[in-house]
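Right, one structure below, let's go through it.
The values are calculated or read from the model by the stated rules, or taken from the named source; none is laboratory data. Not measured: the values here are computed from a predicted model. Cβ coordinates were reconstructed from backbone atoms using ideal geometry, including for glycine residues, and neighbour counts include every protein chain displayed.
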Amino acid sequence: MKSALPRWVDFALIPLLNLALAFFVAGLVVLVIGENPIEAMRLLLVGSLGSSYGIGYTLYYATTFVFTGLSVAIAYHAGLFNIGAEGQAQLGGLGVALVCLALPWPAWWLALPVAILGAGLFGAAWAAIPAYLQAKRGSHVVITTIMFNFIASALIVYLLVNVLKVPGSMAPETAGFPPGTFLPTMQEMLGRVGVSVSKTPLNLSGILALVAAFLTWVLIWRTRLGYEIRAFGHSEPAAVYAGISPVKITMVAMLLSGAMAGMMGLNVVMGFQHRLVLDYVAGAGFVGIAVSLMGRSHPVGVVLAAILFGMLYQGGAELAFDMPSISRDMIVVIQALVILFTGALENLVRLPVQRLFLRRRAA
Amino acid sequence: MDLETILQLAGASLRLATPLLLACLAGLYSERAGIFDIGLEGKMLAAAFAAGAVAAVTGSAWIGLLAGIAASVCLALIHGLASITLKGNQLISGVAINFLASGLTALIGQNWFGMGGQTPQLQASQRFLGISWPFVDRLASVPLLGPLYRHVISGHNLLVYGALAAVPLTWWVLYRTRFGLRLRAVGENPAAVDTAGVSVVRLRYGAVVIAGVLCGLAGAYLSTAMAAGFNREMTAGKGFIALAALIFAKWRPWPALGACLLFGALEAIGIRYQAITIPGVGVVPVQLMQALPYILTVVILAGFVGKAIPPRAGGRPYVKER
């Protein structure tokens, strides 16, 4: 049923039509609220791309969403729906914080490899139990990862309030990291080659996100493991018949997925906030679901979708400032509509398009 | 802890368990018919908002309740369209519904009332209030029975009793009626139901709409009975606890009541005592109490305490043989 369509229809036309539908409905919501959707769109574009300040913030948010989007995408290739990126990212942030606070790091390039390890290990660890239960016990990974999101948030609150808080301070957050761990900002990096941009949270992690996307592509489409993951995702019985171990693939895919979600901590915790605060993830793990669905679980698609969501987050903040009746919650609505139209209601577009193409071919 | 405190806690548990129970039964109908529903949270939230807002505007808790049910059923129909008619992914649809409710309630609430997403405070006459049963004061002096009657049996609002009544009703519908038999069959083996000449689509839509109505009641309870108005994100994960209770109960009505009462009791204890000291163990942090329903569910799912097996056709769209 799937192969009946040319690739460009499957990977470009249908997602774009779905996206257009989502934004059309979002426009209707804006109309109902009593604002002009075209004007809102203009403000959103200017706010997100109209200045180096806006672009910096857009790409900073996009960096986070690349990591969480890749996380959901990797699991999706193995036929697993990881709703747990949110909790895995919480733990990844904890891993980054523990690494940064452990030693008086003299330079960021010494701290970074260890922090990557910390983020990855902690994120993967949080995915390990749901993965094991899915692989060995057949407990649905969706349910267990939902549960683990809540357990993670309770755990982090406990740790920040009772263990990691600075004595005497009221704020539930860790101590500030030593300056030696601060990742270079894009402003510093571009300043060194003579380009001047506004100061934004965008930092080295933006480049790491692109590297992660490339490595994910290599893994999924250019390695034996990636082949096994995709085969397992397409058809479990066929994969088992081909000698692929379901337990191994489920574990590996979920661990990689969790580790990737944890990497988000590099961008936000190590690159910008320089301390672990309460709920630093703030829903980014769930945005990853929308990003992965929109990007068709392909790294290039994920990067593009992440930039779009970065624009929504940054532009939406500016929009809420200029049009107070459209609060930042509009972003959540658009996110929901994107998930709905590109994910759940995908066949709304796919079936008619398919019929059209089959008829043309028959003619 | 004296008897009076224990009975007060029991009453509070019952009130806190009510929204869980209604949502849990909603999930029960839907999932027994083969439609996974992780959108319980979103449907409850939308209903809580609609009920709170409409009750404030019209001044009637009952019209608010109807509005809550309508909002929840709308979302349920989107879920039905996605997962039954369009044969889409039920889990993704549930996620989308949760976000849709979260975003829309805050956006519309702010736009409508301009109170940071809250709805106006409801007067006593615009809410479902506790009903004091007869002879509460006269029985007060009777040991055990008096306080039991006052704190646990009497004094709740209509929706609490309604939720409790829904448990035997659900049991009867599922196990003693033709509709219930078919509903359970469609969740196990839809092809067989189809072969028998019964419409799979209609049965599943029926289950999804029932789930919508029950989530509507649960949401309305939150904003017009338990609290006096809607707050942003006021469901605060209750839909997921209900989902946990459903698994804990292995998709059966009476155990669902037990699981919801257990989770309600955990919440009541957590609200009353910030930290609990267990002799020989030490202080139990409040966060552990909050996480306990989820941890217990994972333990159940792990199969250490009896295996939880979901309905066999759950989550898979039914494609008619051609």
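Output the residue which, of all residues in region A:128-139 that are crowded, with 18+ Cβ neighbours inside 10 Å, touching a Gly at 6+ places or on another chain (Cβ under 9 Å) and in contact (Cβ under 8 Å) with a residue 60 or more places away in the chain, is nearest to the other protein chains (Cβ to nearest Cβ). Among those that are crowded, with 18+ Cβ neighbours inside 10 Å, touching a Gly at 6+ places or on another chain (Cβ under 9 Å) and in contact (Cβ under 8 Å) with a residue 60 or more places away in the chain, it is A:Pro130. For region A:162-178, the set of residues classified as touching a residue at least 24 places away in the same chain (Cβ under 8 Å) and within 24 Å of A:Ile116 (Cβ to Cβ) consists of A:Leu164, A:Glu173, A:Thr174, A:Ala175, A:Gly176, A:Phe177, A:Pro178, listed by residue number. Using the structure shown, decide if A:Ala363 is surrounded by fewer than 24 Cβ atoms within 10 Å (Cβ to Cβ), free of Cβ contacts under 8 Å to residues at least 24 places away in the same chain and more than 12 Å from chain B (Cβ to nearest Cβ). Judged against the criteria, A:Ala363 is a match.
The conditions of being at pLDDT 90 or above, within 30 Å of A:Asn347 (Cα to Cα) and within 14 Å of chain A (Cβ to nearest Cβ) are met by B:Leu81.
Can you go through B:Leu77, B:Leu28, B:Leu45 and tell me which one is out of contact with any strand residue (DSSP E or B) (no Cβ under 9 Å at 6 or more places or on another chain), assigned to a helix (DSSP H, G or I) and within 19 Å of B:Pro120 (Cα to Cα)? Every option except B:Leu45 fails the conditions.
Quick one: in region B:139-164, which of the residues that are in contact with a Leu (Cβ under 6 Å, 6 or more places away or on another chain) and without any contact (Cβ under 8 Å) to a residue 24 or more places away in the chain is farthest from B:Leu261 (Cα to Cα)? Looking at the filtered set, the residue picked out is B:Gly146.
For beta carbons closer than 7 Å, sequence separation of 6+ or different chains, a first residue in region B:11-24 that is in contact (Cβ under 8 Å) with a residue 40 or more places away in the chain and a second that is in a helix (DSSP H, G or I) and hydroxyl-bearing (Ser, Thr, Tyr), the qualifying pairs are B:Thr18/B:Tyr221; B:Pro19/B:Tyr221; B:Leu22/B:Tyr221. Hey, could you check region B:289-308 for residues that are facing chain A (nearest Cβ under 9 Å) and part of a loop (DSSP other than H, G, I, E, B) and say which is modelled with the lowest pLDDT? The selected residue is B:Lys307. Residue count for region A:327-348 under the criterion of being surrounded by fewer than 22 Cβ atoms within 10 Å (Cβ to Cβ) and more than 7 Å from chain B (Cβ to nearest Cβ): the result is 1. Output yes when any residue across region B:49-71 is part of a helix (DSSP H, G or I), under 30 Å from A:Leu80 (Cβ atoms) and under 19 Å from the mean Cα position of the chain (by Cα), and no when none is. Within region B:49-71, none of the residues are part of a helix (DSSP H, G or I), under 30 Å from A:Leu80 (Cβ atoms) and under 19 Å from the mean Cα position of the chain (by Cα). Note on region A:152-236: enclosed helices (runs of 4 or more DSSP H) holding 1 or more residues that are over 23 Å from A:Val300 (Cβ atoms) are A:186-192.
Mind telling me which of the residues B:Leu122, B:Leu75, B:Leu104, B:Leu129 ends up being within 8 Å of chain A (Cβ to nearest Cβ), of a type in the set (A, V, I, L, M, F, W, C) and touching a residue at least 40 places away in the same chain (Cβ under 8 Å)?
On the way: B:Leu122 fails: within 8 Å of chain A (Cβ to nearest Cβ); B:Leu75 fails: within 8 Å of chain A (Cβ to nearest Cβ); B:Leu129 fails: within 8 Å of chain A (Cβ to nearest Cβ).
B:Leu104 is the lone residue from the list that is within 8 Å of chain A (Cβ to nearest Cβ), of a type in the set (A, V, I, L, M, F, W, C) and touching a residue at least 40 places away in the same chain (Cβ under 8 Å).
Going by what's in this entry, would B:Leu129 be described as surrounded by 17 or more Cβ atoms within 10 Å (Cβ to Cβ) and out of contact with any His (no Cβ under 7 Å at 6 or more places or on another chain)? Criteria not met by B:Leu129.
Among the residues of region A:162-196, count how many are within 14 Å of chain B (Cβ to nearest Cβ) and within 27 Å of the chain's Cα centre (by Cα). Spell out the reasoning first.
Pass one, region A:162-196, residues within 14 Å of chain B (Cβ to nearest Cβ): A:162-165, A:172.
Narrowing the set further to residues that are within 27 Å of the chain's Cα centre (by Cα) leaves A:164, A:172.
Matching residues across region A:162-196 total 2.
The listed residues are A:Ile74, A:Ile83, and the only one of them that is under 30 Å from A:Arg350 (Cα atoms), crowded, with 24+ Cβ neighbours inside 10 Å and touching a Leu at 6+ places or on another chain (Cβ under 7 Å) turns out to be A:Ile74. Filtering region A:251-297 to residues that are touching a Phe, Trp or Tyr at 6+ places or on another chain (Cβ under 8 Å) and among the β-branched types (Val, Ile, Thr) leaves A:Val268, A:Val269, A:Val287, A:Val291.
Per the listing A:Val114, A:Val142, A:Val96, the residue uniquely within 14 Å of chain B (Cβ to nearest Cβ) and of a type in the set (A, V, I, L, M) is A:Val142.
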